[in-house]
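The values are calculated or read from the model by the stated rules, or taken from the named source; none is laboratory data. Only a predicted model underlies this, so the values are computations on that prediction, with no experimental measurement involved. Quick reminder, even Gly has a Cβ in these numbers, built from the backbone with ideal geometry, and neighbours come from all protein chains shown.
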Amino acid sequence: MDVTAVAENPLAVAADTLVVNLFERGPAPSGLTGALDRALGGAVTELIASGDATGRSGELTVVYPRGAVSAARVLVVGLGPANTFDAEAVRRAAASAARRARELGARRVASAAHGAGINGMALGDAAQATIEGTRLGLYRYHQADEGLESFSLVDEDTEKLEVLRDGVRWGDAVAEGTRLARDLVQHPANVATPEYLADVAQGLANDHGFGLTLGDRAWAEREGMGAFLAVARAAGHEPRFIVLEHDPSDGKDAPLVLVGKGITFDSGGLSIKGRQGLEGMKHDMAGAAAVLGVMRTVGRLRSPRRVVALIPATENVIDAFAYRPSDVLRAANGTTIEVISTDAEGRLVLADALAYASRYEPRAVVDIATLTGAIDVALGPHAAGLFANDDALASALLTAAQRTTERLWRMPLWPQYIDALDSQVADLKNSAGKAAGGACVAAAFLERFTAYPWAHLDIAGVRATESTDGYQVKGPTGFGVRLLADWIMRA
Ligand code: BES
Ligand code: MN
Ligand code: ZN
């Protein structure tokens, strides 16, 4: 789908479908909706007066202008009340309108940048949100074709064109990163192997000029990554430790480092999961997918920030040489770990990645991981857990969460949680055994491997959605791409 911004009269634009918006309990339609109303001899006013169109969020009314404007059909989409209006309302409305347009067989769609100027909405943000909602709402697994030929933001005012174009560029880059993440998470584990993830990283490096290291077992051995290698010991698909670097500063700036959990399938290992537990465990690389998605976005937007992506990628499966409960491992920073559960593998591979991050003397490190079932119990599919050892970093991430509605909820890193991991034979255990506060215990474990401003995002509960709603489409959400891209671009 070709996505553009054009300075033209929307009522005369070359498109088969025109999307305009309506606020709930708003004043008489103004702007483009007002112009359309006049062109249609008051048809929109009549729809409102009759109660057929209310402007409720997500409401769609199809109007056939029969030659009064150039488009063959007009979709009037509800934005909800103006006093609570925000970018999320734009994304949701744009997604519903785009899906309806596709259902109706539309090919070329033109739209307003919804709600610019209302409740403090900047034009560029409205444009970005309209594109994000449209692209993400039209998303279909593993299909480049979204079903429309073109989508354009139209505004007659040529002075707005630059801002609209910028919004399109950002929205498009963010949506493409999210689409990449959704596809990767949805791929089955026999497709999205560690090598496959490495190939994707290679593609990003080629496209955007990133630095790339693809570490194999021997490389990880040299790095002393005993925890990562233990998890990978029984893996049939060869593990990869992926290092991807976007560096416009030629090594001068302290980077932002992203770490993504890349367990391509989590069987639990010898502490094997049950039938139910195995379901969805192809999703256990959703953190890695988000990090690759962010790198796509950062590359396309040519971020001025130095960004490093670290992805420990392996499956967690079993053979005769599989690591066992009771084994003692040595992580890259020398910390020894007693394995209590081979199903607490995420924190092991992240431990080595977090230790590896130290060499960059990073400005901040954010890891993103489907780490614990406990975070899903705590927050459900509505927010990811945020753990941070630095308040400024936590607050920057919470701002990005607010802007993107990829919700974060801050969780504690109290020292009592690490007490639960005292070991008689090593520096710490990898699991406390019992479930209490599991997400917090896991985060406390990770903190032991950090020596810089750090945040951990536990996305086990938000990695996928059960039903299509707004710009979320049943299946993987791509959670973290919009959030982290927003954070990086504003850092
Ligand atoms: N990958 C799982 C976490 C998970 C669970 C993600 C459900 C998505 C849905 C992780 O590796 C795991 O198995 N965690 C254990 C930790 C326990 C053994 C301490 C868990 O949450 O039960
Ligand atoms: Mn596990
Ligand atoms: Zn796991």
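Is it the case that region 387-401 has a residue that's closer than 21 Å to Y452 by Cβ and within 16 Å of ligand 2 (Cβ to nearest atom)? No, there is no match, as no residue in region 387-401 is closer than 21 Å to Y452 by Cβ and within 16 Å of ligand 2 (Cβ to nearest atom).
Listed here are the residues, each with its yes/no results for (1) in the same structural domain as D125 (by TED's automatic domain parsing); (2) surrounded by fewer than 21 Cβ atoms within 10 Å (Cβ to Cβ); (3) aromatic (F, W, Y); (4) assigned to a strand (DSSP E or B).
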residue: Q424; (1), (2), (3), (4): no, yes, no, no
residue: A439; (1), (2), (3), (4): no, no, no, no
residue: A442; (1), (2), (3), (4): no, no, no, no
residue: A455; (1), (2), (3), (4): no, no, no, yes
residue: A460; (1), (2), (3), (4): no, no, no, no
residue: S467; (1), (2), (3), (4): no, yes, no, no
residue: F479; (1), (2), (3), (4): no, no, yes, no
residue: L484; (1), (2), (3), (4): no, no, no, no
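Residues considered: G67, G51, G26, G31. Of these, the only one that is touching a residue at least 60 places away in the same chain (Cβ under 8 Å) and of a type outside the set (D, E) is G31. Residue count for region 310-331 under the criterion of being away from ligand 3 (no atom under 15 Å from the Cβ), assigned to a strand (DSSP E or B) and under 25 Å from G280 (Cβ atoms): the result is 1.
Screening region 45-132 for strands (runs of 3 or more DSSP E) wholly inside it with 3 or more residues that are of a type in the set (V, I, T) returns the ranges 60-63, 73-81. Yes or no: region 159-182 includes at least one residue that is on the phi < 0 side of the Ramachandran plot and in a loop (DSSP other than H, G, I, E, B). Checked region 159-182: no residue is on the phi < 0 side of the Ramachandran plot and in a loop (DSSP other than H, G, I, E, B). Within the bounds of region 345-357, is there any residue that is surrounded by fewer than 18 Cβ atoms within 10 Å (Cβ to Cβ) and of a type outside the set (S, T, Y)? No, region 345-357 has no match at all.
Per this entry, F265 is not counted among residues that are in a helix (DSSP H, G or I), within 16 Å of ligand 2 (Cβ to nearest atom) and assigned by TED's automatic domain parsing to the domain that holds D367. For region 433-467, the set of residues classified as more than 16 Å from ligand 1 (Cβ to nearest atom) and without any contact (Cβ under 8 Å) to a residue 40 or more places away in the chain consists of S467 only. Applying the condition of being within 18 Å of A116 (Cβ to Cβ) and surrounded by fewer than 16 Cβ atoms within 10 Å (Cβ to Cβ) to region 29-79 and asking which residue is modelled with the lowest pLDDT yields S30. Of the residues L164, L214, L256, the single one that is buried (at least 18 other Cβ atoms within 10 Å of the Cβ), of a type in the set (A, V, I, L, M) and within 22 Å of the chain's Cα centre (by Cα) is L256. Do you know which of the residues in region 358-378 that are aliphatic (A, V, I, L, M) and surrounded by fewer than 20 Cβ atoms within 10 Å (Cβ to Cβ) is nearest to ligand 3 (Cβ to nearest atom)? In this case the residue turns out to be V377. The residue pairs whose first member lies in region 333-348 and is β-branched (V, I, T), whose second member is modelled with pLDDT under 95 and within 15 Å of ligand 2 (Cβ to nearest atom), and whose beta carbons are closer than 9 Å, counting only pairs six or more residues apart or on different chains, are I340/A432; I340/G433.
Among the residues examined, G293 does not qualify as part of a loop (DSSP other than H, G, I, E, B), touching a helix residue (DSSP H, G or I) at 6+ places or on another chain (Cβ under 9 Å) and either under 30 Å from D327 (Cβ atoms) or modelled with pLDDT of 95 or more (or both).
Restricting the first member to region 252-274 and to residues that are within 16 Å of S358 (Cα to Cα), and the second to residues that are within 13 Å of ligand 1 (Cβ to nearest atom) and in a strand (DSSP E or B), the beta-carbon pairs closer than 6 Å and six or more apart or on different chains are G260/I368. Quick check on N21: is it surrounded by fewer than 16 Cβ atoms within 10 Å (Cβ to Cβ) and among the polar types (S, T, N, Q)? So N21 fails the test.
Consider region 340-384 and keep the residues that are more than 16 Å from F449 (Cβ to Cβ) and assigned to a loop (DSSP other than H, G, I, E, B). The one that is farthest from ligand 1 (Cβ to nearest atom) is R363. Cβ separations smaller than 7 Å between residues 6+ apart or across chains give the following pairs from region 154-177 residues that are outside the structural domain of F479 (by TED's automatic domain parsing) and within 30 Å of F479 (Cα to Cα) to residues that are polar (S, T, N, Q) and surrounded by fewer than 17 Cβ atoms within 10 Å (Cβ to Cβ): V168/T4.
The residues of region 170-206 include none that are basic (K, R) and in contact with a Leu (Cβ under 7 Å, 6 or more places away or on another chain). Out of all the residues in region 125-135, is one or more at pLDDT 95 or above, outside the structural domain of S111 (by TED's automatic domain parsing) and more than 19 Å from A290 (Cβ to Cβ)? Looking for residues that are at pLDDT 95 or above, outside the structural domain of S111 (by TED's automatic domain parsing) and more than 19 Å from A290 (Cβ to Cβ), one finds none in region 125-135, hence no.
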